[in-house]
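One structure below.
Only the coordinates and a few stated rules stand behind these numbers; no lab work does. Since we're looking at a predicted model, the values are computed, not measured. When we count neighbours, we look across all protein chains shown, and the Cβ atoms used for this are built from the backbone with ideal geometry, even at glycine.
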Amino acid sequence: MTDPVPHRAEIVVDVAAIRHNVRILKDLVTVDGPVQLMVVVKADGYGHGMVEAGEAARDAGADWLGVATIDEALALRAAGDRGPLLCWLTAPGDDFAAAVAAGIEVTAYTLAELDEIAAVGPARVQLKVDTGLSRGGASRADWEALFAAAAAHEAAGRVQVTGIWSHLAASDQPAHPANDAQEAAFREALRLADAAGLDPEVTHLANSAATVLRPSAHFDLVRCGIACYGLDPAPGVTPRLGLRPAMTVRAPLLMSKALSAGDGVSYGHTWVADHDTSVGVVPVGYAEGISRGAGNTASVWVEDSLRPIRGRMCMDQFVVDLHGELPPPGTEVVLFGPGDGGEPTAQDWAEAIGTINYEVVTRLGGRLSRRHVDSEEQDDDENENPGGTTR
């Protein structure tokens, strides 16, 4: 990056990358007809900043935003978002009245939840059916009763059923038999809803992976989360779409020092130098959400080279092998980024620590600051003022 190295570790999010990814996904799903796109910004925008990610998504043509909780939805409304907005993870006693008043669409999994929402109506409600994930949503045995109750509430003016949806369990594995089974179950649910007299505005099943890999599951709307942030929803399977990772995590090197063969590094001396080398100290650790499993497995980028993490990840810091070099304090260390310059990506870290890229980016926090940049604006500035400075 061309920015000055920060005094402390930071997350840098390029909102232009989010817009770029949303445009790609929007174009992908509208090739064969009018399919709407929901951009999921739950969990603080997968660690990218919920409000900023939502604004970028809207700018790029997202039809809907999606979040898990009512609190997240209300925060978006408080920040000025006024477009279609769905939330889906509520608990008994949640403030459905506030959500309804703010024009937020809420999801009912059960008859009891539907009745609770109807009591504060008129509400725009979507119904979630469990087609095989065995998580949230109405079980198959309850579908007809839920649809009948929803139709009765709708006839009484207490709710408007605007959507019916479900969630896939194995969309990142295209050949998994659950995909066909769940799609067939979802189509059965839609037939039963129609028989009950329901006519929802949207039906939706596809997440990011199914959006890319399973066109038959697109229905009226697709819900894209991780792909909007430029990360692969099905590594090794997804075709190249030109998605661009939006997040870079970087920190200053605090110090570097020489080591001799036989010197152990960090707690428990899980790594011992087998030759003379040098190491540096980087001021982030598991208190910032950096996985403790990254010790001795992941690498970072220092002075145009991959440098392996040595020894255990600590709460506030970790140690990196500098291969005999002694860069000065303040040298930039990139933990992961888009990968354009050779630096590791979030996917590289996921593979190193045995997890998924979702977890790598969403778990970050602690003392990390987060800054948003817009590379499209910077490019415009440079075109208007060649050789000049950018913000």
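With Rh defined as the Kirkwood radius, the inverse of the mean 1/r over Cα pairs, the Rg/Rh of the chain is 1.04. If the chain linking K257 and D3 were pulled fully straight, counting 0.36 nm for each residue of separation and taking away their Cα-Cα distance, it would gain 88.9 nm.
If each DSSP helix of 4+ residues adds -39,500 (n - 2.57) and the sum is divided by the residues in the chain, what number results at 222 nm, nearest 500 deg cm²/dmol? Taking each H run of at least 4 residues, the total per residue is -8500 deg cm²/dmol.
A simple spin-label model places pseudo-atoms 7 Å from Cα toward Cβ; at T355 and H176 they are separated by 1.9 nm.
Counting other Cβ atoms within 10 Å as a rough exposure proxy, the listed residues T211, T110 run T110, T211 from fewest neighbours to most. Note on E201/A141: beta-carbon distance plugged into 1/(1 + (r/R0)^6) with R0 of 30 Å gives a FRET efficiency of 0.70.
Relative to the longest principal axis of the Cα atoms of the chain, helix 177-195 runs at roughly 30 degrees.
Among the lysines, select those whose C-alpha is under 24 Å from the C-alpha of K26, and discard any that sit fewer than 8 residues away in the same chain. Within the straight-line limit of under 24 Å, K26 reaches these lysines: K42, K128.
Only Cα pairs under 8 Å and 6+ residues apart enter the sum, and on that basis the relative contact order of the stretch 1-152 stands at 14 percent.
Ordered by the number of other Cβ atoms lying within 10 Å of each residue's own Cβ, fewest first, V31, V67 fall into the sequence V31, V67. With K and R counted +1 and D and E -1, the other residues having a Cβ less than 13 Å from that of Q160 yield a net charge of -2. Going by the alpha-carbon gyration tensor, a ≥ b ≥ c the square roots of its eigenvalues, is the stretch 256-351 rounded (a/c under 1.5) or, if a/c is not under 1.5, prolate (a/b greater than b/c) versus oblate? Cα axes put the stretch 256-351 in the oblate bin.
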